[in-house]
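Accompanying notes for the structure given below.
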Amino acid sequence: MSAEKPVFLVTGADLASDALALLRDYQVVFAGKTPTEDEIVALCKQHDPVAIIVRYSKVGAAAMDAAPSLKVISKHGSGTDTIDKVAATARGIKVVAAVGANAAAVAEQALALLLACAKSVVTLDQRMHAGHWDKATHKSVELEGRTVGVVGLGAIGQRFARMADAMGMRVLGFDPYATELPAYIQSADLETIWRESDAISLHCPLTADNAKLVNAKTLAACKKGVIIVNTARGGLIDEAALLEAVQSEQVASAGLDSFAVEPMTAPHPFHGEKRITLSPHIGGVTADAYVKMGVAAARNALAVLNG
């Protein structure tokens, strides 16, 4: 190693000061704003970290093999799909996540996207700035009394469901691992969610089994005019199928915060489609969540290191 203190490698350019205070007995090395996998491997070879806090990029077997002292990989957030968990398990490396630390932030972003779609917020703003007054011709969607299907009922999904219930929506929820659901979530299978939902919000992790869960077949099974919201992982959606469904008006509108390839680069098929509202995977990026996730990621890693 390059220092007397054991090293924490952060695959990002910064970490909340409260989190850094917890790591005062360690040297903290930052990989930069958008590190590549190769850069992470090189830093692992150089510093042999005992822990990695994952913010951006992927951590695979090569990085693990380059750090023989590595004992824990801690996700700065809840989704661990960017970590090769099979490789970690094979090497005796613990993978932990800051589950729930960004739940409020992401659930609020999902609600914001749902409302933006239902109320045509972006389109009307652009029309107003261009000098138009569409009061006589525009009709928004009223969400009270409508049904929202929530796929994934962890901390984020349940928080979103609670907000939807507070607006008077009927909430259908699907999660094969969720137990003891609150009374306002009606457990349903996916077929029921596709068939009965006026809006669908995705809050599940991305796995090999649910990749492109929202696809041409499932979208065709939905109500005509459904709203699709995704603040989870872009790989849950077949983007070409969603675009086609929006253009055919099978899907009325979509609000997306995550994408199959990130960062999204121009040109992209979604660009210019007025009924798709986009945000750059910032659902969990708030000042409060930044601190909560950093502290949780540090504490989770330290708990492993301290046995």
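Odds and ends about this structure:
- Helices (runs of 4 or more DSSP H) fully within segment 1-83 that include at least 1 residues being assigned by TED's automatic domain parsing to the domain that holds A301, modelled with pLDDT of 95 or more and within 22 Å of the chain's Cα centre (by Cα): 17-22, 37-47.
- Residues (closer than 18 Å to L115 by Cα and surrounded by fewer than 19 Cβ atoms within 10 Å (Cβ to Cβ)) located in segment 217-244: G225
- Some residue of segment 236-259 being outside the structural domain of V29 (by TED's automatic domain parsing) and either aromatic (F, W, Y) or at pLDDT below 95 (or both): yes
- Note on segment 245-279: residues that are more than 18 Å from H203 (Cβ to Cβ), of a type in the set (S, T, N, Q) and surrounded by 11 or more Cβ atoms within 10 Å (Cβ to Cβ) amount to 4.
- Per-region count, segment 252-283, residues on the phi > 0 side of the Ramachandran plot and free of Cβ contacts under 8 Å to residues at least 24 places away in the same chain: 1
The values are calculated or read from the model by the stated rules, or taken from the named source; none is laboratory data. Only a predicted model underlies this, so the values are computations on that prediction, with no experimental measurement involved. Reconstructed Cβ throughout: ideal geometry from the backbone, glycine too, with neighbour counts over all protein chains shown.
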